[in-house]
Each structure stands twice: as C-alpha cells, then as structure tokens.
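Undergrad: Have a look at this one before I ask anything.
Values quoted throughout were computed directly from the atomic coordinates according to the rules given, and no laboratory measurement underlies them. Given the structure is predicted, the values throughout are model-derived calculations rather than measurements. Using ideal geometry, Cβ is built from the backbone for each residue, glycine included, and neighbour counts are taken over all protein chains shown.
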Amino acid sequence: MSRRKQRAKGEPKDLDLLPMMNLFVVLIPMLLLSAVFVELAVIRMGLPSDDAAPVAPAPTLGLSISIEEDRWIVRASELEERAIDRSAAASIETLRATLGDVTTRFPDNRDVVILSRPTTRYEDIISVMDVSRETGLENVSLLGAES
Amino acid sequence: MMDILVTLTLFLLKSFVLDGEIVTPPPGVMLPRSTARVSPEATLVVAISNDAILLGGEPVASVSAALAGGDLLIDELGDGLDRALAQREELAARKGKGLAYKVTIQGDRDLEFRILQKVMYTCSASGLDEMALAVVQKPRS
C-alpha cells in the first residue's frame, strides 16, 4: 500500500547521498588543513604622535626597564637602580617581583618605558612587555637606547 | 550523518572566513609568544620577516636595505602605506564611514629592535597612530 503510494507520488526509493558525501569528504579535510588553530592575539600600542613627543613627560615616576645584553635594569626617579641578571633561570620571576614591588609602592603609576638596544630580540621585548602588563603597568612605550 | 557533516562544514567555513588571511602571518614569520589575550582586528598589516617587509602580503622593501638606510623612515614602506591608506580612505568615503588609522605589525620573533623601530616610525609618519603587535598566545599555565 505504502509502496504504491510512493510510486504514485513519484518519489525516489532512496536518496542518492554518494555525490554529496564525496563532496563533504573532500571539503572537510581541506578546511581542516586551512583552519587556523594557533590562537593569535595582539598587543595594542598607542604611539604618541610626533606633536605630543616634545611635551615634557608628566612628573611621574618615570619608570623604565632597560634591556641590556645580559641583564635588565629597572630605573625610576624615586627608586634605587636595580639590575637583574637575565641569565639566571628565575630571572623573569625576579623581574616580575621587582615590578610588583614598584606597583605596590606606587599604585597610581601605569606607565613604563622599555628601553631596547638596536640589536635586542623582538621576543625579549615582548616578554618584558608581558611581565609589565601582568603586574599592572599597562601603558608600555618602546624606546631605543643609544648604543 | 549528513547533519553532522553539514554542521562541521559550516563551522569550519565560518572559522575560515572569520580569521582567514587577514591575520594569518605569511610564511617565514614566526610570531613571538605572549600572554596577551586581545583578539586581533582586521586592519592594515605590515609583516616583517627575516629578509623582507611585507605590506598586506606583498613584499615592499627588504630588511637589509631598510637597515642600511641611516634614516628612521623606510621610504618604500612609507609609499606603500600611503597608497594603501589612500585606497582605504576612498573606500571609507564611499561607504560613508570614518577610517580607523590602525595597523597590525607582525614581526618575526628573532627581529632586531632597530628594524621594528624603523617600521613603527614609518607607520606613525604615515599617520597610523594605533599600532598593534601581533603575537601567538602562550597556553595558559
């Protein structure tokens, strides 16, 4: 009875899914291959424009981190200079602790200047930026040091 | 079965369209790792590999030539940026929208600071004040 009904409507007995399946089987690996699985992110930097540059820096802490060949030097106007050996294994933690110390003593300060040498590696700069951002110093500016 | 396949395909297509080629760094550029979590936007992209500076995927200047020049400004990149900006301005004017002067810099992790400094200076000289440095997210520890 039902068969006769189907015939009467002219419906096919079974959908032919094979071409469709073939298409998907090709499409899915292709998309998987091209999909980006590495999570990208950006670090925003508002660069002061040239007009703003000559304005004397506000009378703040003037915190700066110099990236030297073998050490970081944290300087600020009201602090003694601190040098951190970069070759030590826990050096990045020491830097974090030092910056954390600075932020607890000067909680209003959000600015830090990173002084790099012309040959400083990009990734080293990024890692110092990471540490300062994590300790709450969000306004990071980059500056080239005279070599 | 078909439903799963269709859903999967659509999902993959969507993710492909979303972060397609706009933010994918060109081959030869290994982005530095960082703990930053801000997701990238579709902007003008300047990529710096070990030997060339690329604007929107097209090489515009070589790193060695840029380093050789004593000036902070990289002329070829500046010209390219100006052209790209002029195009975008025209597009934005037709759409009736304002143009955001943003640029994303994709630098290789082994770059030296002086080349980054020159690129950033050139970008700001072309009026691109808002810069973003592209990085690869470190896995959360």
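Undergrad: Does B:Gly96 satisfy the criteria of being out of contact with any Ser or Thr (no Cβ under 6 Å at 6 or more places or on another chain), over 24 Å from A:Leu40 (Cα atoms) and crowded, with 21+ Cβ neighbours inside 10 Å?
TA: no
Undergrad: I need a count of the residues in region B:34-43 that are among the charged types (D, E, K, R) and within 7 Å of chain A (Cβ to nearest Cβ). Spell out the reasoning first.
TA: Of all residues in region B:34-43, those among the charged types (D, E, K, R) come to B:37, B:41.
Going one step further and asking which of them are within 7 Å of chain A (Cβ to nearest Cβ), we end up with B:37.
Residues flagged as among the charged types (D, E, K, R) and within 7 Å of chain A (Cβ to nearest Cβ) within region B:34-43 amount to 1.
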